[in-house]
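**Q** My questions will all concern the structure given below.
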Amino acid sequence: MTTTTATSKKKRHIALGCEGSANKLGIGIIAHDPLTGAATVLSNIRHTFVSPPGTGFLPKDTARHHRAYFVRVAKQALAAAGVSVSEIDCICYTKGPGMGAPLTSVAAGARTLALLWEKELVGVNHCVGHIEMGRAITGAENPVVLYVSGGNTQVIAYAEQRYRIFGEALDIAVGNCLDRFARALEISNDPAPGYNIEQLAKQGGRVLVDLPYAVKGMDCSFSGILTQAEEVVAQMKKGKKGPDGEAITPADMCFSLQETVFAMLVEITERAMAHVGSNQVLIVGGVGCNERLQEMMGAMAVERGGSVYATDERFCIDNGIMIAHAGLLAYETGFRTPLVESTCTQRFRTDEVFVKWRK
Amino acid sequence: MAATEEQQFPLPKILTYPASAPPSLIAQGAEGRLYKTTHLESGLPCALKYRPSKPYRHPILDARLTKARIAAEAKVLDRCYREGVRVPAVYALDAAAGWVMIEWVDGKPVRQGINDWLGERPEDGTPAASEDETPLVDLMKRIGEAVGNLHRTGVIHGDLTTSNMMLKPWASRPSNAGDKAKAVEGDIVLIDFGLATQSSSDEDRAVDLYVLERAFASTHPRAERLFCHVLDSYKPSYKKAPSVIIKLEDVRMRGRKKSMLG
């Protein structure tokens, strides 16, 4: 945490970011040094809506959760940051993409803060938030970005002031595939289904269950794999034997699914790296905190003479600080979202954002 | 694509036998390594495509993918060659060892040709009013025809990008075009069939076009508006092409929808 001398004039820019595009409500406060551009995280508070095993989070329940916790989380974020309201320059919020009801609930909260404190509003693209936060935390200059979460699977590279999407999932996102697989196995959703799959997979490895492998150029597809995996889970419950004659266990299934889908992700990332001639790769998004994925990506990057950059769950999983950071970058270039335009949109592609703050 | 000189890779076994000319590493793509060597006689250059095992992949999955991909690639190349699609000819292969030896194609990738043409053009991609874009538009049309020819034979490339197309210089047509126009001259030879499959469904063909469209837009944002010429010349290239173009619209919509959740 940085300290500022009370006597000096405004030395740093401060933004408060509100995120709630899925089941995490996050509010964070960030400071930028206008001279060096260095970012300092002042606070990063998150509260997650967890649904019972075997179910997913529904928009209306998630929105209710966000509304119920918004004030509490905002107060915590302010207290933890140790800044007064008057020091804050702008309020940033997730404009999209995401689930409609949770997005609008959090946007209403952000608008309230902006009106109450007489601050400017900045609408932020969620995906750009992930990318910028990943770059700031890891120091990766110009990496190929693999953005993997419950709603998005994209391979992104920066070119000419836009984050261009080189490859993406043609149907469901990889995180959605993992979440729904967890539902089929009735694994706990606490803290996250993907985390529990990862832990369970560590006990697997005895056999590799044959699953489809669907890479199409730089794009990939997960729905067929999910269907097949669900099918095998149904057979497993009836006592299906693996290739070695032993019964298949949930751990074997988690292991096989991870090995297959992560191999696909690493492959499309490698193809994008070869295509743009980069040897840095940055993994962002909730699935990005999976250590097996990071390990596989690392093995690939090392072979290409490069390196992998990843962050931990504080920044990988949806959070308010990334919205504050990306919003503040835009704010510093003069970008504002007038109150009348402070809407949300469920569909908001990464490449729609004009990245004015990068060369 | 450029091979890194500093990095020394162990050669595949097939290249460790004595030869008149030493093999040279041409490119390290995502899929594997491409070596230039000779086939049977020292005057016949050829390309050896080698898929090393990937350290990040589970060994069973790795072996399964490597073998299936080399075998599929050779099979598809052979089919294209017999049907008269411009592709490198297959000389030899060993699928389990992960290599296939193919004809050497002279020339440069289409990607390089387009970039040479675009040069230092301003960002929005609009050419100067005086500029004659015909050579570039012609290239787009040849790309569309090449992809149409491929699809006509029932082959899906699976990874269509401008890096996976070569511009083979015209031997018989002496050109009197300017230097700039020369950058985009030549026959299109499709290469890298590592992800190719055989299919005649509109869906698969449309996805193939979609992959190209997306790769083109992200590689050549300044020439994106010319991509329509690729589709225009694709359309009359074989009988079912118009319905594939219609299907492409569905595939685009499906791709675009993919910005749903955070």
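The values are calculated or read from the model by the stated rules, or taken from the named source; none is laboratory data. From a predicted model like this one, the values you see are computed outputs, not experimental measurements. Cβ: placed from backbone, ideal geometry, glycine included. Neighbour counts: every protein chain shown. For accessibility, only protein heavy atoms count, side chains too; no ligands or nucleic acids. Shrake-Rupley method; radii C 1.70, N 1.55, O 1.52, S 1.80 Å.
**Q** Identify the single condition in (1) open to solvent by 50 Å² or more (accessible area, probe 1.4 Å); (2) assigned to a loop (DSSP other than H, G, I, E, B) that B:P52 does not satisfy, given that it satisfies every other one.
**A** (1)
**Q** Continuing with this model, one more query. Restricting the range B:24-37 to residues that are more than 14 Å from chain A (Cβ to nearest Cβ) and buried (at least 18 other Cβ atoms within 10 Å of the Cβ), which is farthest from the chain's Cα centre (by Cα)?
**A** Among residues in the range B:24-37 that are more than 14 Å from chain A (Cβ to nearest Cβ) and buried (at least 18 other Cβ atoms within 10 Å of the Cβ), the one farthest from the chain's Cα centre (by Cα) is B:T37.
**Q** Considering only residues that are open to solvent by less than 60 Å² (accessible area, probe 1.4 Å) and either at pLDDT 95 or above or not charged (D, E, K, R) (or both), which ones fall in the range B:69-83?
**A** B:I70, B:A71, B:A72, B:A74, B:V76, B:L77, B:C80
**Q** Based on what the data block shows, is A:D312 within 10 Å of chain B (Cβ to nearest Cβ) and more than 30 Å from B:G29 (Cβ to Cβ)?
**A** no
**Q** Another question about this same structure. Just for the range A:266-305: of the residues that are open to solvent by less than 30 Å² (accessible area, probe 1.4 Å) and more than 10 Å from chain B (Cβ to nearest Cβ), which one is nearest to A:C127 (Cα to Cα)?
**A** The selected residue is A:V284.
**Q** Being surrounded by 15 or more Cβ atoms within 10 Å (Cβ to Cβ) and either of a type in the set (D, E) or within 11 Å of chain A (Cβ to nearest Cβ) (or both) is the requirement here; does B:H58 meet it?
**A** When the stated conditions are applied, B:H58 passes them.
Every residue, every condition in (1) out of contact with any Lys or Arg (no Cβ under 7 Å at 6 or more places or on another chain); (2) assigned to a helix (DSSP H, G or I); (3) closer than 30 Å to B:F216 by Cβ; (4) of a type in the set (A, V, I, L, M), yes or no:
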residue	(1), (2), (3), (4)
A:Y195	yes, yes, no, no
A:G205	yes, no, no, no
A:P212	yes, no, yes, no
A:E231	yes, yes, no, no
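**Q** If you take the residues in the range A:137-188 that are surrounded by 24 or more Cβ atoms within 10 Å (Cβ to Cβ) and part of a loop (DSSP other than H, G, I, E, B), which one is farthest from the other protein chains (Cβ to nearest Cβ)?
**A** Once the filter is applied, the top-ranked residue is A:P143.
**Q** Sticking with this one: For the range A:237-263, which positions are away from chain B (no Cβ under 12 Å), part of a helix (DSSP H, G or I) and buried (at least 21 other Cβ atoms within 10 Å of the Cβ)?
**A** Selection gives A:D252, A:M253, A:C254.
**Q** Further, regarding this structure: Here is a list: B:S243, B:S237, B:S218. Which entry is crowded, with 20+ Cβ neighbours inside 10 Å and of a type in the set (S, T, N, Q)?
**A** B:S218
**Q** With polar (S, T, N, Q), open to solvent by 40 Å² or more (accessible area, probe 1.4 Å), away from every other protein chain (no Cβ under 14 Å) and over 20 Å from B:L65 (Cα atoms) as the only criterion, which of A:Q199, A:Q228 stands out?
**A** A:Q199
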